[in-house]
1. Picking from 280, 243, which residue would you name as being under 12 Å from residue 180 (Cα atoms) and without any contact (Cβ under 8 Å) to a residue 60 or more places away in the chain?
2. On the given criteria, is residue 96 over 30 Å from residue 132 (Cα atoms), surrounded by 12 or more Cβ atoms within 10 Å (Cβ to Cβ) and more than 38 Å from the chain's Cα centre (by Cα)?
3. I'm trying to understand the selection: among the residues of the range 285-310, which are crowded, with 16+ Cβ neighbours inside 10 Å and either modelled with pLDDT of 65 or more or under 21 Å from residue 165 (Cα atoms) (or both)?
4. Given the conditions (1) modelled with pLDDT of 90 or more; (2) buried (at least 18 other Cβ atoms within 10 Å of the Cβ); (3) in contact with a helix residue (DSSP H, G or I) (Cβ under 6 Å, 6 or more places away or on another chain), which single one is not true for residue 250?
5. Checking the conditions here, which among 76, 53 is in a helix (DSSP H, G or I), outside the structural domain of residue 199 (by TED's automatic domain parsing) and surrounded by 15 or more Cβ atoms within 10 Å (Cβ to Cβ)?
6. Can you spot a residue in the range 30-41 that is surrounded by 19 or more Cβ atoms within 10 Å (Cβ to Cβ) and under 30 Å from residue 128 (Cβ atoms)?
């Protein structure tokens, strides 16, 4: 169920939220305690709008950081620097409404000091954030290629979607580099969904996505093309190397021992794949159409070399969709070991 707690990081930052509001309260208390109201005639509305906007935007930055970042050194330094800056900006805003007597002139003199301290702290935070981003960029290799767009990330597999993959293929062609592209399809995945439900199907796709990424090189790219299909981009390889990589990915999928909830019996699936060369003058649309036609042919022909190897080594899927798993561990998909399920390749989970 959607809640504010699981959608943001606020639940981990209660202390920083309190610190932020306490700082605003302190600045307001100091100004109201030592200041006297200015006559309306000398209050500048333009200054109030400008300085008030700075205060509101700074609060917005603090909320954005607390909502999106987990606890850590970088987060703490960013918030601390912003809160120091907010303290100064709050005093500056209240100056437009209040004037201080000679006994409290020190308040006007020190209002800019916290802002300077905040800028120093945020500079240190940004340097650490830079180091953090370098580490994250390495972690995301094989998931993204030199361009980041969070709106294109598939929420189930945490891979980019097919549109992102196509844009990166086009970029590779434009750069003059050659390579190979591949489409991998989980065999009879619709039957898996029928037996175990879409939630378990989504969990399986998430696990397989991690496995696909693990089997690729640092410079390769894996995306969720659609449903239970994954698209690979393999730059600077020859045909034999591309076939070897894809074969190893398929073999690793066939060895995944997936377990339904608390059931101990393993479920095994398999995948088929097609590979095509990619060069600068190729039409990506034509290449994709050719790949998808080959993929459908592989699904209809069990003897096809891309579809039969390691197919359904074993599963505890019941003979009928929706039956409880676990009655006979190690049997193959379908009512009879080795038989093909249905006349068409399995339908896909919604991308």
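The values are calculated or read from the model by the stated rules, or taken from the named source; none is laboratory data. None of the values given here were measured: they were computed from a predicted structure. Positions of Cβ are generated from backbone atoms using ideal geometry, with glycine treated the same way; all protein chains shown enter the neighbour counts.
1. The match here is 243.
2. yes
3. Answer for the range 285-310, where residues must be crowded, with 16+ Cβ neighbours inside 10 Å and either modelled with pLDDT of 65 or more or under 21 Å from residue 165 (Cα atoms) (or both): 287, 288, 291, 292, 294, 295, 298, 299.
4. (3)
5. Only one candidate passes the filter, namely 76.
6. No, because not a single residue in the range 30-41 is surrounded by 19 or more Cβ atoms within 10 Å (Cβ to Cβ) and under 30 Å from residue 128 (Cβ atoms).
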